[in-house]
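Before any comments, here is the structure.
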Amino acid sequence: MMYRKTYFCVCDGQQEEMYLKHVAFLLKIFPERVVTFNTTRGSAERLKKNYTEYDNAALFDYDFKDTEFRQNIIICEQLRRKSRREKGKNVYHAYSNVNIDLWFILHKEDFNRPVASNGAYVVDVRRIYGLNREADIKERANLERILRQITLEDVRHAIRRADQIRAGKLESDCFMVDSVACYGNPDFSLHDFLKIVLQDCGEL
């Protein structure tokens, strides 16, 4: 049975774009199965302008920018309701709080303590992926080195660990953005999107 699936994804930056391309590579079994992420850079606002016939996702970080974070979720939720009603397509928010650096850690290790700065995960990312102490983890060559070490099983581990982080949250820590329950860092909805991607092609 042939499986073809394309997602249109708006990404915060290079890390998210390269990660999705790597996941597509891991899932590809040509010609039986091909998953494609068509990516562009920007905020969730781009989904309004670049809306396609595919399922859509916005990948973004919290980055301690509360107003922008909330607005991205609200846009995704509005588009999700509209697209489901009109075209039967899905729109997903796929956020990382604080940022995607923690997502790379969760592929290899448990990590669930809150942090107070955007650079708080960098030392652990360098250690886990064997980068030198001065390495810029956002630089393309270093990202390629990180991604080469991530397997499909690692992606499953990251999803499981993110589920465990969410399961450990207290109800009193929840804050609502539109109809979405969010929590302080660490928190994700990125894993929910990837869970759907993997389930739909039989890998989870």
message = For the stretch 146-183, which positions are among the hydroxyl-bearing types (Ser, Thr, Tyr) and crowded, with 16+ Cβ neighbours inside 10 Å?
response = Tyr183
ask   = Is it the case that Ala116 is among the aliphatic types (A, V, I, L, M), free of Cβ contacts under 8 Å to residues at least 24 places away in the same chain and open to solvent by 60 Å² or more (accessible area, probe 1.4 Å)?
value = yes
task = Of all residues in the stretch 85-114, count the ones that are closer than 17 Å to Phe188 by Cα and touching a helix residue (DSSP H, G or I) at 6+ places or on another chain (Cβ under 8 Å).
result = 19
note = Among (1) out of contact with any Asp or Glu (no Cβ under 6 Å at 6 or more places or on another chain); (2) open to solvent by 30 Å² or more (accessible area, probe 1.4 Å); (3) assigned to a helix (DSSP H, G or I); (4) under 27 Å from Tyr7 (Cα atoms), Arg126 falls short only on (4)
request  = Please go through the stretch 80-96 and pick out each residue that is touching a residue at least 24 places away in the same chain (Cβ under 8 Å), farther than 25 Å from Ile159 by Cα and either open to solvent by 30 Å² or more (accessible area, probe 1.4 Å) or of a type in the set (A, V, I, L, M, F, W, C) (or both).
outcome  = Lys87
key: Verdict on Ile74 being among the β-branched types (Val, Ile, Thr), at pLDDT 95 or above, in contact with a Lys or Arg (Cβ under 7 Å, 6 or more places away or on another chain) and surrounded by fewer than 21 Cβ atoms within 10 Å (Cβ to Cβ)   = no
task = Residue by residue through the stretch 4-52, note down the ones that are assigned to a helix (DSSP H, G or I) and not charged (D, E, K, R).
result = Gln14, Gln15, Met18, Tyr19, Leu20, His22, Val23, Ala24, Phe25, Leu26, Leu27, Leu47
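The values are calculated or read from the model by the stated rules, or taken from the named source; none is laboratory data. This is a predicted model, so every value here is computed, not measured. Cβ coordinates were reconstructed from backbone atoms using ideal geometry, including for glycine residues, and neighbour counts include every protein chain displayed. SASA here: full protein model, heavy atoms, side chains in, ligands and nucleic acids out. Shrake-Rupley method; radii C 1.70, N 1.55, O 1.52, S 1.80 Å.
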